[in-house]
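Peer 1: Handing you this structure, nothing more for now.
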Amino acid sequence: MVRVVKIIILSVLLISCISPKSYYLKDGFTKVPLDSNYFKKEKKAPLNVDFDAVYIVSYYVGHNYLWDYNKGEHLTRSGLRFYKNGNVSSFEILKIRIKNLPDLNPSTTGYRGVSFMKKGGSYITMFVPKTEYLRYGKKTHSIEIKGDSLFVRDIVDNSLYIYLKQKLTGGNMEYNGTW
């Protein structure tokens with residue numbers, strides 16, 4: 001009986017440690033899911049989103065704390081790009097490149113995700129590292145767009161990230177999220 005319990009516990013531990021099959025993009029850092037049907041959601045771009053812009057994180061509000069990324073010492077900022085087909089990319093952008101955006105080609109860099117509607121609200125699900133050991137999986141946030149601001153709320157701990165819109169220029173407008 002003890003042996004059966006040990007086998008069950010070991011099986012559960014091994015299964016819980018398995019990440020979905022994935023591969024690295026050309027940047028050598030970002031992993032994306034291998035299965036093209038990984039998200040299994042009916043994709044729908046949120047209303048009022050600007051497809052010709054990237055939304056860059058500017059503020060974090062959580063647990064009685066406000067962080068202003070414009071004044072902070074972070075070297076990078078997170079940016080979200082929405083595509084007409086309902087796909088979403090998340091990019092890390094060097095703070096010194098915010099005004100002159102680098103190449104944001106989702107085929108070579110950036111985490112992948114989808115946007116969808118559920119119970120009258122808009123959501124995004126991203127394929128991102130979920131642990132300090134870079135175990136990848138799905139992370140879902142509720143989103144709301146008001147004017148040039150994107151409010152992204154973590155549905156687990158209720159923290160809020162506020163992103164501000166920045167228009168895309170040049171080659172960055174040509175890319176499509178095709179996953």
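The values are calculated or read from the model by the stated rules, or taken from the named source; none is laboratory data. What you are looking at is a predicted structure, and each value in this text was computed from that prediction instead of being measured. Don't worry about glycine lacking a Cβ; one is built from the backbone with ideal geometry, like all the others, and counts go over all protein chains shown.
Peer 1: Confirm whether Ile145 is surrounded by 18 or more Cβ atoms within 10 Å (Cβ to Cβ) and among the hydrophobic types (A, V, I, L, M, F, W, C).
Peer 2: The answer is yes for Ile145.
Peer 1: Do the conditions hold for Thr125, that is, is it part of a loop (DSSP other than H, G, I, E, B), within 26 Å of Asp35 (Cα to Cα) and β-branched (Val, Ile, Thr)?
Peer 2: It is false that Thr125 is part of a loop (DSSP other than H, G, I, E, B), within 26 Å of Asp35 (Cα to Cα) and β-branched (Val, Ile, Thr).
Peer 1: Every residue in region 63-108 that is assigned to a loop (DSSP other than H, G, I, E, B) and either closer than 28 Å to Tyr38 by Cβ or at pLDDT 95 or above (or both), please.
Peer 2: Those that are assigned to a loop (DSSP other than H, G, I, E, B) and either closer than 28 Å to Tyr38 by Cβ or at pLDDT 95 or above (or both): Tyr83, Lys84, Asn85, Gly86, Leu101, Pro102, Asp103, Leu104, Asn105, Pro106, Ser107, Thr108.
Peer 1: Mind telling me which of the residues Val54, Val49, Val32 ends up being of a type in the set (Val, Ile, Thr), under 13 Å from Gly113 (Cβ atoms) and either surrounded by 13 or more Cβ atoms within 10 Å (Cβ to Cβ) or in contact (Cβ under 8 Å) with a residue 24 or more places away in the chain (or both)?
Peer 2: Sole residue among the options that is of a type in the set (Val, Ile, Thr), under 13 Å from Gly113 (Cβ atoms) and either surrounded by 13 or more Cβ atoms within 10 Å (Cβ to Cβ) or in contact (Cβ under 8 Å) with a residue 24 or more places away in the chain (or both): Val32.
Peer 1: Going by what's in this entry, would Glu144 be described as over 11 Å from the mean Cα position of the chain (by Cα) and part of a loop (DSSP other than H, G, I, E, B)?
Peer 2: Judged against the criteria, Glu144 is not a match.
Peer 1: Sticking with this structure for a sec: Consider region 138-171. How many of its residues are closer than 25 Å to Lys99 by Cβ and at pLDDT below 95?
Peer 2: 3
Peer 1: Within the set of pairs 6 or more residues apart or between chains, which connect a residue that is β-branched (Val, Ile, Thr) inside region 96-124 to a residue that is part of a loop (DSSP other than H, G, I, E, B) and surrounded by 14 or more Cβ atoms within 10 Å (Cβ to Cβ) with Cβ atoms less than 7 Å apart?
Peer 2: Taking only residues 6 or more apart or on different chains, the pairs are Thr108/Leu25; Thr109/Leu25; Thr109/Thr30; Val114/Phe39; Val114/Lys41; Val114/Lys43; Val114/Gly86.
Peer 1: Scan region 147-179 residue by residue and report those that are of a type outside the set (Val, Ile, Thr) and part of a strand (DSSP E or B).
Peer 2: Passing the criteria: Ser149, Leu150, Phe151, Arg153, Asp154, Leu160, Tyr161, Tyr163, Leu164, Lys165, Gln166, Lys167.
Peer 1: Tell me, please, whether a residue that is on the phi < 0 side of the Ramachandran plot and out of contact with any Phe, Trp or Tyr (no Cβ under 9 Å at 6 or more places or on another chain) can be found in region 82-89.
Peer 2: Yes, some residue in region 82-89 is on the phi < 0 side of the Ramachandran plot and out of contact with any Phe, Trp or Tyr (no Cβ under 9 Å at 6 or more places or on another chain).
Peer 1: Also, quick follow-up: Looking at region 128-141 only, could you name the residues that are in a strand (DSSP E or B), charged (D, E, K, R) and either in contact (Cβ under 8 Å) with a residue 40 or more places away in the chain or over 23 Å from Lys31 (Cα atoms) (or both)?
Peer 2: Within region 128-141, Lys138 is the sole residue that qualifies.
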